[in-house]
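K.L.:
Take a look at the following structure, please.
Values in this text are rule-based calculations from the coordinates and carry no lab data. Keep in mind that this is a model prediction, so the values were computed, not measured. As a convention, Cβ positions derive from the backbone with ideal geometry for all residues, glycine included, and neighbour counts pool all protein chains shown.
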């Protein structure tokens, strides 16, 4: 690479640590979800911390709940497995709800909560969806 050439995932527009590049690229290819969307979800969920644990019990980069990780046969603390499982789960939610905003709300709050409310059930979930969508748009140049 010559001086001044841009590296994939380099700089503020593509904030994916090099150790996770392959995982995000593979998950995007396998699920058809945009790389920028997967990175945005991971950033919002865990700030790219593969060891993250939420107070609710969600784990890893894309903050999978233990029962979701088990259902998808994924170890939530193995980055490649977590990213692929999270992408597969988001793809399923998109298929179920038919709209990205509703799929993201379900990813954050649960499919049951979104189905019962007919949309995002809380202000926190509305903020989550807006943050992910804005970050995904800002990262749309990520390769």
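K.L.:
Could you work out the Rg to Rh ratio of the chain, with Rh taken as the Kirkwood radius (inverse of the mean 1/r over all Cα pairs)?
P.N.:
0.98
K.L.:
Using a basic spin-label model with each label point 7 Å from the Cα along Cα→Cβ, how many nm lie between residue 73 and residue 55?
P.N.:
3.6
K.L.:
Mind telling me which of 17, 111, 79 comes out most flexible in a GNM of the chain, alpha-carbon contacts under 10 Å?
P.N.:
Looking only at 17, 111, 79, the largest GNM fluctuation is found for 17.
K.L.:
Still on this structure: Please give the helix 123-138 orientation as an angle from the longest Cα principal axis of the chain, in degrees from 0 to 90, rounded to the nearest 10.
P.N.:
With both axes taken from Cα atoms, the answer is about 30 degrees.
K.L.:
GNM on the chain, C-alpha springs below 10 Å: top fluctuator among 92, 47, 19?
P.N.:
Highest fluctuation among the options: 19.
K.L.:
Please give the helix 79-97 orientation as an angle from the longest Cα principal axis of the chain, in degrees from 0 to 90, rounded to the nearest 10.
P.N.:
50
K.L.:
By its C-alpha gyration tensor, with a ≥ b ≥ c as the square roots of the eigenvalues, how is segment 71-143 shaped: rounded for a/c under 1.5, else prolate for a/b larger than b/c, else oblate?
P.N.:
Oblate, because a/c is 1.5 or more while a/b does not exceed b/c.
K.L.:
Now, a different point. Working from Cα positions, state the angle (0 to 90°, nearest 10) between the long axis of helix 21-31 and the longest principal axis of the chain.
P.N.:
For helix 21-31, the angle is close to 50 degrees.
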